[in-house]
1. Between the helical axis of 304-320 and the dominant principal axis of the chain, each derived from Cα atoms, what acute angle in degrees is found, rounded to the nearest 10?
2. Taking the Cα centre of the stretch 16-116 as origin, work out the dipole magnitude from +1 charges on Lys and Arg Cβ and -1 charges on Asp and Glu Cβ, in debye rounded to 20.
3. Do any of K151/K239; K7/K60; K151/K330; K201/K225 go past 24 Å between their Cα atoms, and which?
4. For the chain, list log₁₀ I(q)/I(0) at each q in 0.15 Å⁻¹, using the Debye formula over Cα point scatterers of equal strength and ignoring solvent, two decimals each.
5. Any idea which of T150, N90, I110 is furthest toward the positive side of the dipole for the stretch 1-150, if Lys and Arg beta-carbons carry +1 and Asp and Glu beta-carbons -1?
6. Summing +1 for each Lys or Arg and -1 for each Asp or Glu, what net charge is found among the other residues whose Cβ lies under 11 Å from the Cβ of V200?
7. Could you compute the longest span of the chain free of trypsin sites (Lys or Arg not before Pro) located in DSSP loops and having at most 10 other Cβ atoms within 10 Å, not counting the site residues?
8. Return the inverse of the average 1/r over all pairs of distinct C-alpha atoms in the stretch 1-63, which is the Kirkwood hydrodynamic radius, in Å to one decimal.
Amino acid sequence: MAKEMKKIMITGSVGQIGSELTMALREKYGNDNVLATGHRTQPSPELRDSGPFEFINVSKRETIEEVVKKYNIDTIYHLSAILSGVGEKNPKLCWDVNMNGTYNILEAAIDNDMTRIFIPSSIAAFGPETPLDNTPQETILRPKTMYGVTKVAGELLCDYYVKRFGLDVRGCRYPGIISYETLPGGGTTDYAVAIYFEAVKYKNYTCFVREDTRLPMMYMPDCLKAALDLMEADSSRLKHYSDFNVTAMSFSAGELAAEIRKHIPEFVCEYEPDFRQEIADSWPNSLDDSAAREEWGWEPSYDLAAMTKDMLEVLSKRHQEGKLDYERTKSL
Ligand code: SER
């Protein structure tokens with residue numbers, strides 16, 4: 001007998017990952033089977049017109065419950081979160097959205113007999129005491145940001161729900177994600193996205209971390225692939241649940257600028273570190289993602305050169321057509 005169609009809900013669907021993940025899920029599982037949700041920010045016409053959309057507030061349980069029942073949801077991709085930079089400016093909001101939001105999603109999943117939940121973690125789960133290079137799957141998790149605290153607590157809470165209630169919760173520790181559709185909203189790795197937009201539009205960029213700052217990163221197509229593949233993985237092969245290290249590449253800000261200069265030789269990058277330098281310094285240079293490779297066949301497709309070529313092609317075309325919607329912003 002054919003398996004019943006999944007009824008999927010995404011939180012944070014207006015955000016950087018959520019906006020593209022919604023479209024990927026609609027493509028894969030059917031437009032009407034994927035409910036996009038957001039909090040206040042209006043969805044793009046593409047998101048709004050391709051399938052159902054509702055406003056919720058993940059820190060208010062009743063707003064989740066209402067749409068879960070209305071759409072008969074059995075699978076959730078929980079993407080709404082306050083990122084590291086904004087989290088340091090407003091730690092209370094970060095705790096409320098990230099912690100209460102995750103708890104409410106897990107509780108709604110139990111009460112509504114859901115089959116599978118995706119809740120991503122982040123490299124922000126690591127801290128200055130963690131080994132910096134090729135950071136292992138099992139290691140010291142002592143983050144120094146509120147965002148990181150909520151990510152570690154979120155991983156532990158998810159694993160608790162797996163063991164205690166048999167809920168199928170999965171997630172990976174994403175590195176910095178680079179994309180051209182929706183800009184990230186206030187993270188530490190945002191410079192690796194902004195640099196492309198500014199290189200195309202202004203031919204110069206002032207980076208808020210030092211030139212030698214090295215972090216693990218991933219291009220959006222691989223980020224989407226990680227979520228889709230992990231959620232389709234055979235549960236009998238999984239020894240981990242919500243904390244898989246995943247990575248695609250590692251580069252310093254200077255190496256990123258040099259790669260862009262191969263395409264835009266006149267591009268100039270300057271460096272004026274702000275408060276996010278300390279956060280970046282507390283995160284790994286590179287990750288060991290062998291557990292994800294072994295347990296569910298994780299394999300990224302893009303390296304720095306392939307990603308840069310693609311990003312610049314798309315953004316340059318948009319700029320030439322007068323459609324590059326980007327304005328330089330001041331520090332957070
Ligand atoms: N990209 C995120 C941030 O910088 C890390 O998960 O906050």
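Read the figures in this text as sums done on the coordinates, not as results from a lab. Just so you know, these numbers come straight off a predicted model, no measurement behind them. Here the Cβ positions follow ideal geometry from the backbone for every residue, glycine too, while neighbour counts run over all protein chains shown.
1. 80 degrees
2. Numbers: 11 positive and 15 negative charges, 50 e Å.
For this selection, approximately 240 debye.
3. Beyond 24 Å: K151/K330; K201/K225.
4. -1.30
5. Going by the Cα projections, it comes out as N90.
6. Local net charge: +2.
7. 41-238
8. Result for the stretch 1-63, one decimal place: 11.9 Å.
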